[in-house]
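To keep things clear, I will list the structure first and then write my remarks on it.
The values are calculated or read from the model by the stated rules, or taken from the named source; none is laboratory data. Predicted model only: the values in this text are computed from it and were never measured. Using ideal geometry, Cβ is built from the backbone for each residue, glycine included, and neighbour counts are taken over all protein chains shown.
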Amino acid sequence: MKAASSPGEWIRQAILLLLGLLALFPLYFSVVNSFKNPVQYASSLLNVPAQLHPENYAVAWAQIAGPMLNSVVVTLVSVVLTLVFASLSAYAFALMDFPGRHLLFGLTFALLLIPEFLTLIPLYLQIKALPLPSNYLAIILPTIAAGQAFSILVLRTTFENIPREILEAARMDGSGHLQTLLRVVLPVCLPALISVAIIRLIPVWNDFLLPSLVLDEAHRTLPMALVAFQGGGASTLTTPNYGALMAAYVLSAVPLVLLFMFLMRSYIEGLTSGSVKG
Amino acid sequence: MQANAVNSRRSSRARSTLLGRIWQGRLAYLFLLPSLLLMGWFSYYPAFTALTRAFTDWDGLNTPNFTGLENFQRAVSDPVMGQASINSAIWVVLGLFLAVVPPLVVAELIFHLRGPRRQYFYRTLFIVPIVIPSLVLLLVWSNFYRSDGLINQALGALHLSGLQHGWLSDPKTALYSLIFLGFPYIDAFFLLLLYSGLQNIPQEVLEAARLEGATGLRRVLKIDLPLLAPQLRLIALLAIIGNVQYFISPLVLTSGGPGFSTTVPALLMYNTAVKFGEYGYAMSIAVLLFLVVAVLTVVSQRLSKASEGRA
């Protein structure tokens, strides 16, 4: 049995490695070109430059530091509050009895069927007309709302599968619903909470359409800043500073890279386990 | 008013009446309140606005007047909408292929690797690209497509200068350049879905197939594909729905041009509203798209039920 090194095995690995590296090629392209000055950029797009120009990163950082901070604030607050509100609702749907439970759950579930493009424009006008204490809330509140249906659905299933004895024990100790949720249910379901958080995090970090409509210049997020930096349009004659542009792309991926260094395993497990089968 | 009614009945027989049970469940309603308020105000209400204002001359400023089916008649007879619908149909068909085939091929290749460690390594390799923000991917690719970009340089190096051109500025290639943006098209979620589907095939089935001499491509066609049918149907549905409503790359990279060569109905809806302020007309396009999505969903559910019935 020389199975581990059969020709078929080598071919499969070679194809996978090639495809995998090609999928990462845009990242390589951004990194090597982020260290070039315009002359180096014009001479070759693929090589690692002989002389590095890290000052591109200073130029890029000046452009995107504010938006980066905005994106971090918007993403973290949105995802955390999504989990808080979804946990409360999922607890009520999974472990409490009250009239209208099925109806309200049906209404929540039905939201998965309402596509984003249908609500985009009315939402934009509605938010513009709504006086909010902070422009951040103009994107945070609709983002939390958009994440509720999916998060409640996943968490409800998880909460329902908690062994009854654990919940009974908590009740015997005289713990009320809120205490049970905080001290028993959430700690037991931490892996599910992390999965939901990561699954929501990616689209929120990448969100472009609604933010570009409702956020002002001071509160704009990273995707908006990148599009503005590029200058938009594929065939413009003005040549931007490509090195700095690429540096901005690299910087904008850094938070996700950091996050995934720690959470890649939970992300994969979250996606492959039952949590998204509903 | 309702609270008064609840209080007055609260005494002895309260538990048995509906109002009494509602009062009993008050903590549950309190738990649900934030979610329900947010979903009501930021999801249901805008959807209701879209569905009702589609029948009006809403301009965002004045009180909308009911205009019946006028917006819909205009949408159906608008030549731009016709071109946009054709573009969208091309996008949906090619996008379906790109959503299903590359992740399936990679899932099969990984699944046939020997040893769980090796499989884990390659599975991770294909998920890592999600750290690239989606707009960065679009912008880097628009750079590849430039007339002095990577693709034309590669064609020059291969002595194929005849094929060089501005990929996004030529109306003949702009749409296809957007559709085929993002090589090698391996969606991490679709890949994991198919891979875990393959893992769930019972060992006995694989063993039986091996004994009958079904290996390689024959096994894939005879065993894997039928058993992966639920995952493939889900991916197909998600890809179709996703591509019907997608318009970020035409919005950011080509503004729907040159001409209307990369305009899709969703972009037309966006521009009609945001650029021209014809919100009522924009909503009628949104409602038409919503109907398309709804019909496609229902049809695909029916088809999958029917095929399950046959199996």
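List of remarks:
- One residue from B:LEU181, B:LEU138, B:LEU125, B:LEU104 being more than 8 Å from every other protein chain (Cβ to nearest Cβ), assigned to a helix (DSSP H, G or I) and under 25 Å from A:SER30 (Cα atoms): B:LEU138
- Identity of the residue in the stretch B:267-293, outside any helix (DSSP H, G or I) and not basic (Lys, Arg), that ends up surrounded by the fewest Cβ atoms within 10 Å (Cβ to Cβ): B:PHE276
- Subset of the stretch A:147-159 [crowded, with 24+ Cβ neighbours inside 10 Å and hydroxyl-bearing (Ser, Thr, Tyr)]: A:SER151
- Set B:LEU51, B:LEU32, B:LEU27: member being surrounded by fewer than 18 Cβ atoms within 10 Å (Cβ to Cβ), at the interface with another protein chain (Cβ under 7 Å from one of its Cβ atoms) and either within 14 Å of A:ALA145 (Cβ to Cβ) or of a type outside the set (D, E, K, R) (or both): B:LEU27
- Here the stretch A:39-55 is the region considered, the condition is being within 12 Å of chain B (Cβ to nearest Cβ) and part of a helix (DSSP H, G or I), and the residue that is surrounded by the most Cβ atoms within 10 Å (Cβ to Cβ) is A:TYR41.
- When restricted to residues that are more than 10 Å from every other protein chain (Cβ to nearest Cβ), among the hydrophobic types (A, V, I, L, M, F, W, C) and outside any helix (DSSP H, G or I), the stretch B:141-178 contains 2.
- Answer from A:ALA58, A:ALA23 - the residue that is crowded, with 21+ Cβ neighbours inside 10 Å and either within 8 Å of another protein chain (Cβ to nearest Cβ) or out of contact with any strand residue (DSSP E or B) (no Cβ under 6 Å at 6 or more places or on another chain) (or both): A:ALA23
- Count of residues meeting criterion [over 30 Å from B:ASN62 (Cα atoms) and more than 7 Å from chain B (Cβ to nearest Cβ)] in the stretch A:109-148: 5
- Taken together, B:LEU296, B:LEU217 contain a single residue that is in a helix (DSSP H, G or I), at pLDDT below 90, within 13 Å of chain A (Cβ to nearest Cβ) and within 19 Å of B:PHE190 (Cβ to Cβ), which is B:LEU296.
- Hey, B:ILE201 over 22 Å from the mean Cα position of the chain (by Cα), among the β-branched types (Val, Ile, Thr) and assigned to a loop (DSSP other than H, G, I, E, B) or not: yes
- Checked against the criterion of being surrounded by fewer than 23 Cβ atoms within 10 Å (Cβ to Cβ) and assigned to a helix (DSSP H, G or I), the candidates A:ILE166, A:ILE162, A:ILE139, A:ILE144 yield just one match: A:ILE166.
- Pairs meeting the criteria (first residue in the stretch A:4-31 and over 17 Å from B:VAL131 (Cα atoms), second residue of a type in the set (Gly, Ala, Ser), beta carbons under 8 Å, at least 6 apart or on different chains) are A:ALA4/B:GLY115; A:GLU9/A:ALA3.
- Each residue in the stretch B:26-60 was checked for being of a type in the set (A, V, I, L, M, F, W, C) and over 18 Å from B:MET269 (Cα atoms), and 12 of them qualify.
- Residues within the stretch A:170-209 that are surrounded by 13 or more Cβ atoms within 10 Å (Cβ to Cβ), of a type in the set (Gly, Ala, Ser) and farther than 27 Å from A:ILE139 by Cα, tallied: 2
- Applying the set (1) modelled with pLDDT under 90; (2) closer than 27 Å to B:PHE144 by Cβ; (3) within 21 Å of the chain's Cα centre (by Cα) to A:ILE198 leaves exactly one unmet item: (2).
- Members of the stretch A:81-108 found to be surrounded by fewer than 21 Cβ atoms within 10 Å (Cβ to Cβ) and either within 8 Å of another protein chain (Cβ to nearest Cβ) or free of Cβ contacts under 8 Å to residues at least 12 places away in the same chain (or both), listed by number: A:VAL84, A:MET96, A:ASP97, A:PHE98, A:PRO99, A:GLY100, A:ARG101, A:HIS102, A:LEU103, A:LEU104, A:GLY106, A:LEU107
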